[in-house]
Structures are given as structure tokens and as C-alpha cells.
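Down below is the structure, laid out as C-alpha cells.
The values are calculated or read from the model by the stated rules, or taken from the named source; none is laboratory data. Not measured: the values here are computed from a predicted model. Ideal geometry is used to build each Cβ from the backbone, glycine not excepted, and the neighbour counts take in all protein chains shown.
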Amino acid sequence: MNKSLRYIAILAIIPLFTTGLTTDYFTDANAIKSQGTGTSKYGSQTNICGLNLCSEIPGGKAAWMAEQGQTTPVAPVTEKKNEMEKDDSMMEKVTEADLGSVLRLSRANVPATIPLHQGYYDSGKVFFIITDSSDPTHAEIITKNQGWQVELAPLLKNAPDEALSRTYMFTNGINGNGIHGFQGEVFTSTPAQADVYSALASHVHVTWNESSTPRVLDSDAMIMEAVDNGEITLTEVDVVLNMPQIVWPDGKMMVKDVTLTDTTPYGGGQVLDINTEEMNVTFIAHRGWGPDGRTIYYIVTDATPSGPAGMMGVVNASTSASLIANSAAVDLFQFKNGLTGTGPLGFQPGIAAGAPGDVNYSPMWRIFMIGWGNPENAQVLETIDDMNAYREAGLINIGIARPMDSDHIVNCPFIDPFQ
């Protein structure tokens, strides 16, 4: 049996969003149809017995259950862990006889302190973080400069123009704390312009010409004027960075004033502290599973549509909706019923189709909802293989999330909170 199944504690029910989010908030789209059959690929009614279909075992499900000495199927999950999972030290161990309906992971919510950068918008200051890069060279340079890991996410290069903001980055001129060692970056939008803002930044290099006298340019208008005067040259670079804004003129991300615990409700804010003097921000990092069962942690910076964004307490970024059918977004599966736990809807943590180091990793997530046909039969699912096995057996249904009958994308950079 998977070790995770021995760590299900019988404890009080973990709260749902204090802001009122319920499982009914998400409407699942119709299940994807199998090619040429006209039947749902989620529609099989067979059962699973261990790692096999019950129909393949002599005597069927009843015989297998009698042999196992148990009354419910056991999830066919494999033992997987990485350096973050410390087995007995990471979870409260209980006996199999104590198995119940609550999944309690230790370190389900942990603080993650991330360095801030300072740039400009319309002559005002913007404080932002950099979490992902489509280009390995930029990921390496920024990681070294900020002393905090920038993840490589090559899929971001596939993002359409409507999902990107235009951000200017200086390659010479006035020395400063910009990405390339010169003045801070200049943004063309902030979350105050929700219809055009995007944390995904197209990369535009600004280079002072030899005959020019460099000075600080702190707005799009000043940059365009300098171009017209022949002072600077702009160069489009095929690099996309994930640069979520934390503070902008007349606004900032919601700060959640709580003492963080493993059972802190998911909603109502994702930031614990913003310190523009020490130049860092502390996010809540949520624990979940990568595609092969490895432990992952992620933060939440922005989302679309506005309803889920508001309930999570993050920036509304409607431009992200253009990623719903784009390869720059990857599938993330959350649970709407089953084992009570620390997932966003109050059930077990979700499973991602990609993780840092994978070729298909991206911080932009297309959300699917998993529902147990009979929640009383819910088991811990940790991997994409687990999910597929139970889907094919007809024990779970999977549908794309459509809150507010809208395309739903969440910017959830996967990070190492312990670096």
C-alpha cells in the first residue's frame, strides 16, 4: 500500500474558503469524447482492484477484497518521493485501522520569501518578482543576480501576443538593479488596468546609442520620446518572463494577516508580508503533487476570471484567458469532493501535469476538476497515472473548470520555498 495512505489522520474537517467558495462555484464542461466512439472516455464502469481491473481477477472484486481483508478498494498509487518528502518526519503516522476521510499533509502551507525588484510604470514605482523564464540563459542570469531560483519554462514562448505585456529592459546606461545591471524595468501596464495587464512580459531591450547621454527613463512615453530623438534603440527579444507585480502605483496585492498553519484556509489572500525596504515578499506556498507523485509547492499570483481571483485574493488578469487552448498553459487537476484536505476547494491537494525540470512545465495552469462518483470510495491520488486509472475505471469524472461560465487560467509558479 502506498505510504501516503497510512498518513490519513482522523481530525477535524479542514475549512473551505472563508470567502465563501463552494464546490458548486465550478461548473465542469462536458467530458471529452473519445475519437470515433461517441462515448465519454470517462464513462467506463469497471472497478479497480489494486493495480488491476477487478474483471481480470478470478472471482472479481469480492474475491480480491476478501483476500485483502478490506472493505473498499485501495488506490493504485506508487511510492514516490523526492528530497522534500521526509516520509515519517513529514507526516503524522497512524495505523491503517485509523484510516478516515481526512487527508492531512504536514507542511501543507509554508511561507516562501521571494526577492523583489523595482521598476516603473508611468513615472511611478512598481515592485515585482521574477519566477520563470522561457530562456535558459535569462533564467541563469536572473537566478544568479537575485539569489533565488528562476524556473525554466520554455512553453511560455508559445504564449500569444494578447497574453503578454510589453516590458522594457535596459542593456546599458545608468547602473542599477535591473535584470541586466542597469536601471529598473519599465512596464506598460499594471493590475490597475485589468483588461490589458499580464504578468507574462515580452522582452524588449533598450540600448542607449553612443552619441546619447543616458538618464533614467521611467515611463513608456519617455521611452518613445527617446526613440523618436534617436537616443535609444529598441530590440525585440524572443524571451518571455513571468514577472507578477506585487506593488504598483496606488495598489498592491492583498496581504493575509494570519498565523500560517497547515489548515489555514486557502482563500482570502496569498501574501503574508510585503517589505519594500528589505526588498522581499512572503507568499503562502501550497503543497501538492507533480505528475509522477513528487512533492511540489506553488504560489498564486493572478487568475482569471475575476470571481476566483477575488476569492483567492490575487490579481485579476483577464488577458490570461487567451491561454485556454494554448500550449503555454498546462493542465492542473483539483478535487471538488472526496477526501477533505488542503486543496483549494477543501479536498485533497491537486495533481499537476508538469513540474519544474519537465519540458512541459509552465506557471500558467488550465484547471480541471476531479469528482468522485461515490465520495465515500475516495482514495488518495498522487500521480497522473493514478488519476487515469481511476478515470478509466469509471470511479472519477474529470471536466474543465468554467467558473462564471468563463475560461479559467491561474498563474501558479512552482517554487522551492526552502531555498
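What are the residues in region 187-215 that are over 20 Å from LEU156 (Cα atoms) and without any contact (Cβ under 8 Å) to a residue 60 or more places away in the chain, if any?
Correct list: ALA192, GLN193, VAL206, THR207, TRP208, ASN209, GLU210, SER211, SER212, THR213, PRO214, ARG215.
Give the residues of region 265-322 that are polar (S, T, N, Q) and either touching a helix residue (DSSP H, G or I) at 6+ places or on another chain (Cβ under 8 Å) or outside any strand (DSSP E or B) (or both), sorted by residue number.
GLN270, THR276, THR301, THR304, SER306, ASN316, SER318, THR319, SER320, SER322, listed by residue number.
Restrict the check to region 408-415 and report whether at least one residue is buried (at least 22 other Cβ atoms within 10 Å of the Cβ), under 19 Å from the mean Cα position of the chain (by Cα), more than 24 Å from LEU105 (Cα to Cα) and not aliphatic (A, V, I, L, M).
Yes: region 408-415 contains one or more residues that are buried (at least 22 other Cβ atoms within 10 Å of the Cβ), under 19 Å from the mean Cα position of the chain (by Cα), more than 24 Å from LEU105 (Cα to Cα) and not aliphatic (A, V, I, L, M).
Could you tell me whether THR95 is among the polar types (S, T, N, Q) and modelled with pLDDT of 50 or more?
No: the conditions fail for THR95.
How about region 105-136: which of its residues are more than 22 Å from the chain's Cα centre (by Cα) and either β-branched (Val, Ile, Thr) or in a strand (DSSP E or B) (or both)? So that I can check it myself, show each step before the final result.
We begin by selecting, within region 105-136, every residue more than 22 Å from the chain's Cα centre (by Cα); these are 118-126.
Within region 105-136, GLN118, GLY119, TYR120, TYR121, GLY124, LYS125, VAL126 meet the criteria.
I need the full set of residues from region 343-396 which are under 26 Å from ASP416 (Cα atoms) and either touching a Cys at 6+ places or on another chain (Cβ under 7 Å) or among the hydroxyl-bearing types (Ser, Thr, Tyr) (or both), in order please.
Once the filter is applied, which keeps residues that are under 26 Å from ASP416 (Cα atoms) and either touching a Cys at 6+ places or on another chain (Cβ under 7 Å) or among the hydroxyl-bearing types (Ser, Thr, Tyr) (or both), region 343-396 yields TYR361, SER362, PRO363, TRP365, THR383.
Within region 137-153, how many residues are surrounded by 18 or more Cβ atoms within 10 Å (Cβ to Cβ), in a helix (DSSP H, G or I) and not small (Gly, Ala, Ser)?
3
Here are the criteria: (1) at pLDDT below 95; (2) not in a loop (DSSP other than H, G, I, E, B). Tell me which single one PRO344 does not satisfy.
(2) is the only condition that PRO344 fails.
Under 29 Å from LYS125 (Cβ atoms) and over 11 Å from the mean Cα position of the chain (by Cα) - does that describe any residue in region 287-297?
Checking region 287-297: not a single residue is under 29 Å from LYS125 (Cβ atoms) and over 11 Å from the mean Cα position of the chain (by Cα).
Looking only at region 211-221, decide whether some residue is under 30 Å from ALA329 (Cβ atoms) and either among the β-branched types (Val, Ile, Thr) or touching a helix residue (DSSP H, G or I) at 6+ places or on another chain (Cβ under 6 Å) (or both).
No, the conditions are met nowhere in region 211-221.
Among all residue pairs at least 6 apart or on different chains, which show Cβ distances below 7 Å where the first residue, located in region 356-376, is assigned by TED's automatic domain parsing to the domain that holds LEU345 and small (Gly, Ala, Ser) and the second is surrounded by fewer than 19 Cβ atoms within 10 Å (Cβ to Cβ) and outside any loop (DSSP other than H, G, I, E, B)?
Filtered contacts from region 356-376: GLY371/ASN397; GLY373/ASN397.
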